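Here is the structure we will look at, set down as structure tokens.
The values are calculated or read from the model by the stated rules, or taken from the named source; none is laboratory data. Computed from a prediction, not measured in an experiment: that's the story for all the values here. Here the Cβ positions follow ideal geometry from the backbone for every residue, glycine too, while neighbour counts run over all protein chains shown. Areas reflect the complete protein model, heavy atoms only, side chains present, ligands, DNA and RNA absent. Shrake-Rupley method; radii C 1.70, N 1.55, O 1.52, S 1.80 Å.
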Amino acid sequence: MTGGPEHRLFRPGDSPVHRLPPHCKLLALIGFVLATVSTPREAYWAFGAYAALLAVVAAVARVPAGFVLRRMLVETPFVLFALLLPFVADGPTVEVLGLTVSHDGLLGAWNVLAKGTLGVVAGVLLAATTELRALLLGLQKLRMPPLLVQIMSFMLRYGGVITAEMGRMRIARESRGFVARDLRQTPAVAKSAGALFIRSYERGERVHLAMLSRGYTGTMPILVDTRASAAQWAAAATLPAAALAVWAGALLR
Amino acid sequence: MSESPPPTTPPSLAVRGLAYAYPDGHQALFGVDLTITRGERVALLGPNGAGKTTLVLHLNGILTAGAGTVEVAGLPVAGEHLREIRRRVGIVFQDPDDQLFMPTVREDVAFGPANLGLRGAALEERVRHALDRVGMADFADRPPHHLSYGQRRRVAVATVLAMEPEILVLDEPSSNLDPASRRELADVLRSLDVTVLMVTHDLPYALELCPRAAVLAGGVVVADGDTRDLLLDRDLMAAHRLELPYGFDPSSVPA
Ligand SMILES: Nc1ncnc2c1ncn2[C@@H]1O[C@H](COP(=O)(O)OP(=O)(O)OP(=O)(O)O)[C@@H](O)[C@H]1O
Ligand SMILES: [Mg+2]
């Protein structure tokens, strides 16, 4: 069995940020992201302030910068998109490094990059300090529809099982002399993908039977009660509160 | 355990004339009869594809009989009794990955009793006790998919024990266990005061644990009796693809 995705994002630790209840952190993240996305793009200093806030959180959570940087790869497509913008947008143009680019496109690119990066870093920090399992509990706590939370926890539980199954099928293919060299081998891979789908589907059925056998009636029993204290709420609120102050400053200027 | 129950107690399990065809038309059971009294430990033997797993899935109403009846402790397995039936019949499935679906061992073991309405300290105690019995208490906070196969099997047994069933049904419990785990599981099963139906290809294990055995072949029970007598019946064994491991002689094993 290979581990689930939790190993890539989560960074075990015992910092004050790690110890906060997950639903507090989720709300703090949402507050922070709302503040950043609604900040006017011309308020350059505000984005610097947001970045500084995140740096403080990372320091308190003892998450090194390299860890965050490596996990920011998900942002790559947005970066590419942002890099294209100055060349494809209309409107007045400016000269940058000898290239004529659209002024609006340049601002748009900055907007996407700055806000996207802040959001991704904030998300990475949340994921680095909160186990996926706890995040799901947090979502449940925040009145996320229980069915969605259940679906996500099964994805979490069976992601590992299915990855392992995929690995076993690959090993089985390769042990019988199969080498995925070029496109001509695609049919074999596609067929085993089909088999994987059916296997996963039937596994889902068997799991459902097992749940029924243990008295499942459609709702997950709540097993862990994570109640947040006022102090914890206050601690979690520092980030969005500071972001709100920056946001207000940016609007008033 | 072995003293005969008062005649008024209904049998733990009564299967009569059970027939079943899968939705794709393949008929797996052709009229199974099997009665197990309280506290008995019975082995269910039979070749691959005999219908053993199919029979097991009828015992708590996951599959519904095409014909015939299944009763658990006098309650018919149907409709309004299903909740009570599922509390009384604990099934340990063939593949532990089908059975363990929660993110941690503790939550998985708690799932069943929580569905029965247990909460707080009582739930905690039930979980701890069940994990203790199978020697997995130290693994409570681990995710099931990070355990070895044998450990997952033991947790699967704990998930069922936590529901304190009246009848425990195990589908090939000893497969993939190392000899020590296999013996430890036997110790756990022997220590329980419940009715046990154990599906197995492991004939020495059947002899060790179950005084009585039934042979299922081609969707019917073809033999039912003393385990040692069945294992010594060469013709019966040969006719149903049952083979003793090399060098194993049932008559030389102490009773
Ligand atoms: N979901 C299904 N749909 C159709 N046929 C099935 C299904 N599951 C099992 N069968 C068929 O029903 C018959 C009995 O299967 P079952 O799984 O009960 O056998 P078993 O005695 O448990 O075998 P084993 O010892 O290999 O576990 C087999 O012929 C099998 O092919
Ligand atoms: Mg089977």
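Tabulated values for the structure
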quantity	calculated
Residue in the stretch B:33-41 that is away from ligand 2 (no atom under 13 Å from the Cβ), in contact with a Cys (Cβ under 8 Å, 6 or more places away or on another chain) and either modelled with pLDDT of 90 or more or under 17 Å from residue B:169 (Cα atoms) (or both) present	yes
The listed residue being of a type outside the set (A, V, I, L, M, F, W, C), surrounded by fewer than 18 Cβ atoms within 10 Å (Cβ to Cβ) and modelled with pLDDT of 75 or more, out of A:167, A:108, A:159, A:116	A:167
In the stretch B:208-224, the residues that are farther than 15 Å from residue B:241 by Cα and crowded, with 21+ Cβ neighbours inside 10 Å	B:209, B:210, B:213
Qualifying residue in the stretch B:89-105 (condition: out of contact with any helix residue (DSSP H, G or I) (no Cβ under 9 Å at 6 or more places or on another chain) and either open to solvent by 10 Å² or more (accessible area, probe 1.4 Å) or modelled with pLDDT of 90 or more (or both))	no
Condition met for residue B:118 (surrounded by 16 or more Cβ atoms within 10 Å (Cβ to Cβ), more than 8 Å from every other protein chain (Cβ to nearest Cβ) and assigned to a loop (DSSP other than H, G, I, E, B))	yes
Meets criteria (buried (at least 21 other Cβ atoms within 10 Å of the Cβ) and more than 10 Å from every other protein chain (Cβ to nearest Cβ)) for residue B:174	yes
The listed residue being surrounded by 22 or more Cβ atoms within 10 Å (Cβ to Cβ) and farther than 15 Å from residue B:44 by Cα, out of B:163, B:198	B:163
Residue that is nearest to the other protein chains (Cβ to nearest Cβ) [pool: residues in the stretch B:130-160 that are in contact (Cβ under 8 Å) with a residue 24 or more places away in the chain and either open to solvent by 30 Å² or more (accessible area, probe 1.4 Å) or of a type in the set (S, T, N, Q) (or both)]	B:159
Some residue of the stretch B:181-195 being open to solvent by 50 Å² or more (accessible area, probe 1.4 Å) and either hydrophobic (A, V, I, L, M, F, W, C) or within 16 Å of ligand 1 (Cβ to nearest atom) (or both)	no
Evaluation of residue A:130 against (1) surrounded by 16 or more Cβ atoms within 10 Å (Cβ to Cβ); (2) among the polar types (S, T, N, Q); (3) modelled with pLDDT under 80 (one fails), failing number	(3)
